[in-house]
Amino acid sequence: MNEALAAGQQWRADTYAKNARFVADLGQPVVEWLAPVAGERVLDLGCGDGALTEKLVALGCRVVGVDAAPDMVGAAKARGLDARVMSGTQLLFADEFDAVFSNAVLHWIKDADAVIAGVAQSLRKGGRFVGEFGGFGNVVACRTALRAVMLARGVDPAPLDPWYFPTADAYAARLAKGGFRVDRIELIHRPTLLPTGLAGWIETFGAAFLSALPAGERAAAVAEAERLLAPLLRDEQGRWFADYVRLRFAAAKP
Ligand SMILES: C[S@@+](CC[C@H](N)C(=O)[O-])C[C@H]1O[C@@H](n2cnc3c(N)ncnc32)[C@H](O)[C@@H]1O
């Protein structure tokens, strides 16, 4: 087991590309908040398979990507990127980046203070920390359904739930406590089309819940979550939308 990753969660580059390409595709606004300048040294924290890292490189940045999942780092390296296996709670850099960028990662790490401390240490004075991740109320319908199907099978879902979805106020307070000046922070409601439906989404993002069930019982649990959520998240054309809420922020190390 990889201790840095949420228990039961599997990060595989092949299923990520199939079910979750939208995550990087929808990351453009965070890149705009970063406003990268050619030649800057940027750390992409939780780079995944490197789709966004590659965009930062194309904009002229010198980018290092880190991610705790070896399979994702392998896919990023296959794009020719400088990607390294490293946990967001144990960053091994000091005063060397102009900016730390992170898309769709920080809600997977419950020890937010350790991440913030590592980012502060990695940045030079005046460096920026710009990111987006799940905010308060993110995927609340999906999360409730996953919890309900586990409860119905006699399993307490609380210890399985991998996510940290803070309010803007709570995260801003953590950033400030970690020594950052918070320039912008916003909670953004963003209903998101799921290209491979709810089942594909659960395959990539809900594994931590289902991992507590015997393999033979997982398909029935997914089908039950679909029955619960279809009236709420599936439109007349059969397309699934998840109730995403993002927390986007830009901070700086004074
Ligand atoms: C939803 S993906 C986002 C990947 C990429 N930033 C993107 O926009 O496509 C979340 C990533 O966070 C990584 N991750 C989860 N926990 C981590 C941790 N403790 N340290 C570093 N990376 C982590 C996963 O391995 C995964 O690649």
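The values are calculated or read from the model by the stated rules, or taken from the named source; none is laboratory data. Everything numeric in this text was worked out from a predicted model, so none of it was measured. Cβ atoms come from the backbone with ideal geometry, glycine included; neighbour counts cover every protein chain shown. Side chains are part of the model used for accessible areas, which takes the heavy atoms of the whole protein and leaves out ligands, DNA and RNA. Shrake-Rupley method; radii C 1.70, N 1.55, O 1.52, S 1.80 Å.
Counting only protein heavy atoms and a probe of 1.4 Å, the accessible surface of the chain is 56% carbon and sulfur. Counting only alpha carbon atoms, the long axis of helix 13-25 and the longest principal axis of the chain meet at about 60°.
Projected label points at residue 78 and residue 110, each 7 Å from Cα along the beta carbon direction, are separated by 3.2 nanometres. Here r is the Cβ-Cβ distance between residue 186 and residue 25 and R0 is 22 Å; the resulting FRET efficiency, rounded to 0.05, is 0.65. Peptides 105-113, 32-40, 65-73 ranked from most to least packed by the mean count of surrounding Cβ atoms within 10 Å: 65-73, 105-113, 32-40. Expressed to the nearest 5 percent, the antiparallel share of DSSP beta bridges inside the chain is 55 percent. Secondary-structure-derived ellipticity at 222 nm for the chain, considering helices only, amounts to -11500 deg cm²/dmol, per-run term -39500 (n - 2.57) for DSSP H runs with n ≥ 4. Cross-link partners of residue 253 among lysines, defined as those whose alpha carbon lies under 26 angstrom from its own and excluding same-chain residues fewer than eight positions apart: 55, 110, 125, 177. Between residue 241 and residue 96, the contour length at 0.36 nm per residue exceeds the alpha carbon distance by 48.2 nm.
Heavy atoms of the protein chains alone define the surface here; on that basis the chain has 43 Å² accessible area per residue at 1.4 Å probe size. Descending by average beta-carbon neighbour count within 10 Å, the peptides 213-226, 131-144, 190-203 line up as 131-144, 190-203, 213-226, the highest first. Counting only aspartates and glutamates at least 8 places from residue 18 when in the same chain, those with an alpha carbon closer than 17 Å to its own are 49, 71, 203.
Each Lys or Arg adds one and each Asp or Glu subtracts one; over the other residues with Cβ under 10 Å from the Cβ of residue 69, this totals -2.
Simple spin-label estimate for residue 85 and residue 199 gives 3.2 nm between the two label positions (7 Å along the Cα-to-Cβ direction from each Cα). The alpha-carbon atoms of the chain define a convex hull whose volume equals 118 cubic angstrom per residue. Taking label points 7 Å from Cα along the Cα-to-Cβ direction, residue 167 and residue 219 give a separation of 4.4 nm.
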